[in-house]
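Just so it is clear, none of the values below were taken in a lab; they were calculated from the coordinates. All figures in this text were calculated on a predicted structure; none of them were measured in a lab. Using ideal geometry, Cβ is built from the backbone for each residue, glycine included, and neighbour counts are taken over all protein chains shown.
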Amino acid sequence: MARLKRSDAWLIYAQAMVNGLSVRKAAQEAGVHRTTSFRWRHRMLALSASENDTELSNIVEADETYFLESFKGKRKLPRPARHRGGKAQKRGLSAEQIPVLVAQDRQGKHYDAVLPKVDKQTLGSLLSQPWSSESVLCTNGAGVYRAVAKAEAIPHESLNLAQGTRVKQRVFHIQHVNAYDSRLKQWMRRFNGVATRYLPNYLGWRRLLERAGKDIGPEAWIRHALG
């Protein structure tokens, strides 16, 4: 928080963050300029962006979710500008979609990260970080997860969703991680597109809200921002 002025408005601004307001609306609430609002937002999110749970245990569900690539805030764009988030030019998955790995265990511990690419090496290096030796990975039927599990010697249960297999042995499914993906996407829609370079900050923001629950107040928010 060094060199940030207007400390009288910090708690008001922190409440705006708890409420998930946009940069402009948060600026109005706190009575500061929108550039100040933008600076405060990303300063307060700097720590949360790197705060993933360090160990996932028991059954660990993993899947990717995708966000439309955005150059929001840049003066020179490699394509025509979109308005209010916009839509992809191509249907389905393409280079316009930025993949995010989401992994979650049954205790609610959580790990996510923006993926430079969806391949065995990238997924393996990320999934091995929070991995517990007693865990079992549960994913959809994508071959890349089978390859990762084999390369990293990770116990793995794969669901063939294309054939309608959504639950195995009554315990193996990816319903929790899919529910989180749904909450994350619904929450992100309010921002009408998030600049890809700031996507890790927004992922950290959502993780903080999920951990803290509905009762987090502005004082607690600032304590989290300070670590």
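What to note about this one:
- Stretch gain in nm, segment Val167-Arg211, where the contour uses 0.36 nm per residue and the Cα spacing is subtracted: 13.2 nm
- Rounded FRET efficiency, nearest 0.05, which uses the C-beta distance separating Ala195 from Ala151 and R0 of 35 Å: 0.55
- For the chain: relative contact order, % (alpha-carbon pairs under 8 angstrom, 6 or more apart): 30
- Volume in Å³ per residue [convex hull over Cα atoms, computed for the chain]: 140
- Taking Trp221, Trp187, Trp10 and counting other C-beta atoms within 10 Å, the order from fewest to most: Trp187, Trp10, Trp221
- Amide hydrogen neighbours beyond the local backbone of Ile59, cut-off 5 Å, H modeled: Arg106, Val136
- Within straight-line cross-link reach of Lys117, aspartates and glutamates at Cα separation under 20 Å, skipping those fewer than 8 residues along the same chain: Glu61, Asp63, Glu64, Glu69, Glu96, Glu152, Asp181
- Mean ellipticity per residue at 222 nm, deg cm²/dmol - from DSSP H runs of n ≥ 4 across the chain, formula -39500 (n - 2.57): -11000 deg cm²/dmol
- Unit charges on C-beta of K, R, D, E only; dipole of the chain, Debye: 1480
- Relative packing of 148-160, 167-179, which averages over residues the other C-beta atoms within 10 Å, highest first: 148-160, 167-179
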